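Each remark here refers to the structure printed beneath this line.
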Amino acid sequence: MSGPEDQARRILTEAPADLLLDRLAAELERSYGITGTELYQVDYRLAVLLPLGGGEPVNAPGHPAWRCFDHQDPIVSDAAVWFPVGMRGERRGVLRLAPPPADQGVLRELAAIATVLGHELAAVTASTDVYLTARRTRRLTLAAEMQWELLPGRSRIRPSFSLAGQLEPAYAVRGDSFDWSDDGNRLWLSVVNGSGEGVAASMLTSLATHALRNARRAELGLADQAALADQAVYALHRGEQHLSALILELNLADGTMTVVDAGSPRLVRLRDGEVTEQVLEKQFPLGMFEGTDYQEQRFQLRRDDRLFVVSDGVIDAVGNQIRYGETALDRFLRRTGPMEPLDAVRSLIGDLRAFVAGDLVDDAVVVCLDWHGPQP
């Protein structure tokens, strides 16, 4: 006979897409005596946790909800217990259950149920707007809506690597973006430093991203992926519009990184506490000229290397008529060594917001990749 944890899992997998939390709450009350169930989702800026059922958002850094989100461990407080909700490294938010059970076995079961909730949220998000709408503190611009829909996620964890990225200004981003995929043997990552304004910038980035995906899924090499995207953009705009991109492929067996630098964002490495720019041969941006012949470059990662890819919107951010610049960026990146990639990205964006005293004016993208080394 199945136990209460298995029953809760079944309830989640069978519930209508818009009623996951309602059906789960009813089952948790019946099986565990939980009378208060609430899902808090992290917003697009990674700045506030928003309750699905309405009510007060959580933005105080020391709050148990944020400690749970940051450390990805259950946090028990006097009134409730908080569980991380996510899947495969993608942090979606936290689940608040009250009253907190005293039995450690029950806590482990509830933690497993919260993970199942994260997987189900990922599965149903494409078929309902309930959860996406509840993640917003304000309306997204149309361009930003298009950019967020284009992303593969915001963070990813596998034994050999950890990965995270963020777009800013989150609610009004136009052309900057990133994409990734892995097959257990290789990790592909592309970061686009877009150009143009509004929806036109989003459409240009979308075209380039889908062209790169199409070439990657056809199992073309990295240089040919860049060439196909270059041809797609040039065929439509005849050189009048183009965009910069950095396209990378990491061999997960030995840490060899293959790169095509199409006028790319900045690539820097954090190794043993020191920040160094990875020097690459810059080639023409995608769509600038007809028939550009792209060349691949290679370098070797060491175990525990960290890579950052940042667009010019980060370095060129201006606060009080002062440019953020490479020196401030390198100094801040050096301090991120102990952080997980998503926390490092979130901290850098937070530092930029503090520097400019508000939201960034120009688009900025930050991606952080940790290489843990080959895994069995």
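Each value in this text was obtained by applying a stated rule to the coordinates, not by laboratory testing. Predicted model, so just to flag it, every value in this text is computed and none were measured. Virtual Cβ from ideal backbone geometry, glycine too; neighbours counted across all protein chains shown.
Table for the structure above
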| item | result |
| --- | --- |
| For segment 152-229 versus segment 271-315, the gap between their alpha-carbon centres in whole angstrom | 14 Å |
| Sites matching chymotrypsin sites (Phe, Trp or Tyr not before Pro) across segment 268-376 that sit in DSSP coil, with at most 15 neighbouring C-beta atoms within 10 Å | PHE289 |
| Whole-percent pair-distance distribution, where bins are 10 Å wide, for the alpha carbons of segment 106-241 | 10, 33, 35, 17, 4, 1, 0 |
| Taking VAL260, VAL42, VAL361, VAL48 and counting other C-beta atoms within 10 Å, the order from fewest to most | VAL361, VAL48, VAL42, VAL260 |
| Alpha-carbon Debye profile of the chain, log10 I(q)/I(0) at 0.09, 0.12 Å⁻¹ | -0.55, -0.94 |
| Zone of THR137's modelled label, taken as backbone nitrogen in segment 25-67 under 14 Å from a point 7 Å along Cα→Cβ | 41-51, 56-61 |
| Acute angle (nearest 10 degrees) that the helix 341-356 long axis makes with the longest principal axis of the chain, alpha-carbon atoms | 70 degrees |
| Contour minus Cα-Cα distance for ARG67 and THR128 (0.36 nm per residue) | 19.1 nm |
| Selection of trypsin sites (Lys or Arg not before Pro), segment 41-121, meeting DSSP coil and at most 15 other Cβ within 10 Å | ARG88 |
| The chain - mean residue ellipticity at 222 nm from DSSP helices (-39,500 (n - 2.57) per run, n ≥ 4, rounded to 500) | -11000 deg cm²/dmol |
| Rg [Å, one decimal], Dmax [Å, integer] - segment 4-133, C-alpha atoms | 13.4, 37 |
| Stretchable slack from GLU281 to ASP293, in nm (0.36 nm times residue separation minus alpha-carbon distance) | 3.0 nm |
